[in-house]
Amino acid sequence: MIQLRHVTLEYPGAAQAALDDINLHILKGEFVYLIGHSGAGKSSLMNLILKRETPSRGEVYLSGESLRKYRGGRVALHRRRIGMVFQDNLLLQNLSVFDNVAFALRVIGVPQREWAARVLSVLAQVGLESRQSALPRQLSLGEQQRVALARAVVSDPPLLLLDEPTGNLDPDTSGEIIRLVQSTNLRGTTVVFATHAREVVEQFRHRTLTLRRGKLVRDDPFGGYAL
Amino acid sequence: MMYQIRQMWLALRGNFTAALATLTTMTLTLALLGAVSLLTLNLERTLSGLEKEVEVSAFLLESANDATLLKTVQALPQVASARIVTKGKALEQLGQDLPGILEPGSLEENPLPDSLRLTLKNPRDVQVVAAQLKALVGVESVEYGEGYVDQALSTLESVRFLGYGLVLLLLLNSLFNILSTVRVGMFARRVEIEVMRLLGARRGFIRAPYVLEGIVLGLLSSLITAALLYPAYFALTGQLRTLLPSLPLLEDRRVVLELLVGLVGLGVLVGGLGSWFAANRYLRELE
Ligand SMILES: Nc1ncnc2c1ncn2[C@@H]1O[C@H](COP(=O)(O)OP(=O)(O)O)[C@@H](O)[C@H]1O
Ligand SMILES: [Mg+2]
C-alpha cells in the first residue's frame, strides 16, 4: 500500500535531514506503529505520505503510484483516501464538534442528508455524542483529540494516519481509542500510528517501526517498545 | 451552496472595511464610466449632426472652367458629392435665407461668384481637401466651418481619451482592491483553508466563497451605480432640454438602460474574475 524508496527529507535551512534514506513497505490492511523520540521524524514521515511535504530525494508510492507528480486536484483526490489525526489536531475553532466532523464529509462532497447519521455514529464511538454542539475550546485536549479521530474515520478512508492521537489521553481512554482504531483496521483500513506511549505499544502489539534522528533503525514485525 | 453563501457572508463580515473600500471604489469607478459613456454618446450625436452639415465651398474666379473643375474635384477620393452653384442660384438662395436684405432687382450686377460645394466622406479630411482645392487653377478661395468642426472633433476625442483613460486606471484600481480584499480575507482564514486542503478539498470548493464575495461586491456596486446614474441622467437631460432645446440629447430610455445593464455586467465580471484570480493565486502559493 505504502512504499518509500531511499526517501530523504531536508527542510530548507535545517542542518540535518529530518528523514534520511528511508526504505519501507507497509502492506494493505496492516497496523503499524511508528515510534521514536520527539524530533525523530515521525510527523515528517506522515506528512510525506499525505503529500504535505515532497521528498528531497527518493520516492513515496501509494498503491504503486509515485506521489511526486501529483498537483492540484490530484493531491486533493489523494488526500481523500486518507484519514489523518494531526499532532496539533487542527480542529476548526469556530465550528462545533458536529460541524468539525461533518466538515470532512462536506469537503469530499458527501450529500448532506447522510451527514447526521454518520457523524453521530462516529461521535458515539469516541464517546462524544453528548458534546456534539460544543466548540473545540470548550473541550479538554483529550476530547479534542477524540474529535480529530472522529473526523479522520468518518469518511471511511482506506488509509488512516494517526500522529500521536493519544498524546493527551489517560490510559483508559487511550485503550478505548485504540480499540476503535483496531476495529477500523479489522474492517480493512491500513493504519499508521505514531506514538511514544510505551504502554500502548506494549499492550496492543503490532508491527513497529522505530525512527532515530531521521533514520529507520528498527522494523520489528512482532512489535514491542525498544527505543 | 448554502454553506458557500454562509462562508461568503462570514468573509464579507470578517473583512468589512476592505469590502467597504472595494465597494466604494468600484461604485465610483462604474459611475464615472457610466457618466463618460453617456457624455460621449451625447457628444457623438451632436457631432454626427454637425458632420452631416459640413460642406466645403470653393469660390471660383470668373475665368474658371466650371465643368472641368467639377470633374477634377469629383475625382478626389475624399469627396462624397460635389455640385456647382452658379452665381444666379447663390443670389436666389441668399434672398431666401435673408429676406428683406435684397430688394428684388436692386442690384445691377450679381456680386457673387460661382462656387463648388462639396460634402466629404469623412469630415476629418476637411483640411486636406481644402488645401487641395486652394491649389487648383480657377479657385479663388475656400471656406468651410473652420474651427467649429475641428474643435468639436478634437474635444470629443480628448473627452473620450481622458475619460476612458481615467476609467481604465480606476478599473485597475478596483481590480487591485478586489485582489487585496480576497487576499486579506483568505489570510484571515488561512488555518481553515489549510485544514480544508489537508482534508482533500478541491481548489474550486475553497475558492467558491471568495469568488461569490467578489461577484456580490461587483453586483452591489454596479446596482448602486445604476440606481444613482439613471435618475440623475434624466434629471440633467430634462434641465438641458429646456435650456438648449436644439441639442440632440440622448433621451431614449432603452439605450440608457442597456448601457446600465452593460455596466452591471462589467461590475460582476470584474468582481468575479478579480476574486477568482486572487483566490487562485493564493492557493497556488500554498502548494
Ligand atoms: N516545517 C518544518 N521546518 C523545518 N524543520 C522541521 C519542520 N518540521 C519538522 N522539522 C524538523 O524535522 C525534524 C523531525 O521533526 P518531526 O517530523 O516533527 O519529528 P517527530 O514528529 O518525530 O517529533 C525535527 O528536527 C524538526 O525540528
Ligand atoms: Mg511529531
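Calculate the FRET efficiency for A:Gln182 and A:Ala15 from the Cβ-Cβ distance with a Förster distance of 56 Å, rounded to the nearest 0.05.
E(calc), rounded to 0.05, equals 0.90.
For chain B, return all DSSP H helices satisfying: extent of Cα atoms along own axis at least 24 Å; mean Kyte-Doolittle hydropathy at least -1.0.
In chain B, the long hydrophobic H runs are B:16-53, B:148-188, B:203-243, B:253-286.
Taking amide H positions as placed 1.01 Å from N in the peptide plane, with prolines and chain starts having none, which residues 5 or more places from B:Ser141, or on another chain, fall under 5 Å of its amide H?
HN-HN under 5 Å from B:Ser141: B:Phe59.
Mean Kyte-Doolittle of at least -0.5 and a Cα length of 20 Å or more along the axis: which whole DSSP H helices of chain A meet both?
A:171-186
So which residues in the stretch A:54-91 end up with at least 10 square angstrom less accessible surface once the other protein chains are there, compared with the chain by itself, probe 1.4 angstrom?
A:Gly72, A:Gly73, A:Ala76, A:Leu77, A:Arg79, A:Arg80, A:Phe86, A:Leu90
When the accessible area of the protein assembly as shown is computed with all protein chains present and a 1.4 Å probe, what percentage of it is carbon and sulfur?
That share works out to 58 percent.
Which lysines, on any chain, are close to A:Lys42 with Cα under 16 Å apart, when same-chain ones fewer than 8 places away are left out?
A:Lys51, A:Lys215
In whole angstrom, how long is each semi-axis of the equivalent ellipsoid of the protein assembly as shown, when you take the square root of 5 times every eigenvalue of its Cα gyration tensor and sort them from largest down?
After diagonalising the Cα gyration tensor, the semi-axes are 84, 26, 15 Å.
Does any residue of the stretch B:164-199 lose at least 40 Å² of accessible area with all protein chains in place compared with its chain alone, and if so which ones (probe 1.4 Å)?
Those residues are B:Glu192, B:Val195, B:Leu198, B:Leu199.
Which FRET efficiency value, to the nearest 0.05, do you get for B:Leu28 and A:Arg113 by plugging their Cβ-Cβ distance into 1/(1 + (r/R0)^6) with R0 = 60 Å?
0.85
Run down the lysines and flag those whose C-alpha is under 25 Å from the C-alpha of B:Lys87, throwing out any fewer than 8 positions away in its chain.
Straight-line reach from B:Lys87, under 25 Å: B:Lys52, B:Lys71, B:Lys134.
Please give the residues from the stretch B:1-18 for which the solvent-accessible area of heavy atoms, probe 1.4 Å, is smaller by at least 30 Å² with all protein chains in place than with the chain isolated.
Hits at the 30 Å² cut-off: B:Tyr3.
Quick one: net charge around A:Arg213, please, counting Lys, Arg +1 and Asp, Glu -1 for every other residue with C-beta under 14 Å from its C-beta.
That works out to +1.
Evaluated at 10 °C with a viscosity of 1.306 mPa s, what Stokes-Einstein diffusion coefficient in µm²/s does chain B have when Rh comes from the Kirkwood expression over alpha-carbon pairs?
Translational D for this selection: 66 µm²/s.
By its C-alpha gyration tensor, with a ≥ b ≥ c as the square roots of the eigenvalues, how is the stretch B:245-287 shaped: rounded for a/c under 1.5, else prolate for a/b larger than b/c, else oblate?
In terms of gyration-tensor shape, prolate.
Would you please report the Å³ per residue occupied by the convex hull of the alpha carbon atoms in the stretch B:55-143?
Given the Cα convex hull of the stretch B:55-143, per-residue volume reads 94 Å³.
Between B:Leu76 and B:Ser48, take the C-beta separation as r, use R0 = 22 Å, and let me know the FRET efficiency to the nearest 0.05.
It comes to 0.45.
For the full complex of protein chains and a 1.4 angstrom probe, list B:Lys87, A:Lys69, A:Lys28 by accessible area with the highest value first.
Sorted descending by solvent-accessible area, the residues read A:Lys69, A:Lys28, B:Lys87.
Please list, in order along the stretch B:113-121, the HN-Hα scalar couplings obtained from phi with the Karplus expression 6.51 cos²θ - 1.76 cosθ + 1.60 (θ = phi - 60°), rounded to whole Hz, x for Gly and Pro.
Going residue by residue, I get x, 5, 8, 9, 10, 10, 10, 10, 5 Hz, with x marking Gly and Pro.
So how compact is chain A: Cα radius of gyration and Dmax in angstrom?
Cα radius of gyration and Dmax of chain A are 17.1, 51 Å respectively.
Quick one: accessible area per residue over chain B, 1.4 Å probe, rounded to a whole number of Å²?
Computed with neighbouring chains in place, this is 56 Å² per residue.
The values are calculated or read from the model by the stated rules, or taken from the named source; none is laboratory data. Bear in mind the structure is a predicted one, so any value in this text is a computation, not a measurement. Backbone-built Cβ (ideal geometry, glycine too); neighbour counts: all protein chains shown. The accessibility values were calculated without ligands, DNA or RNA, using every heavy atom of the protein model including side chains. Shrake-Rupley method; radii C 1.70, N 1.55, O 1.52, S 1.80 Å.
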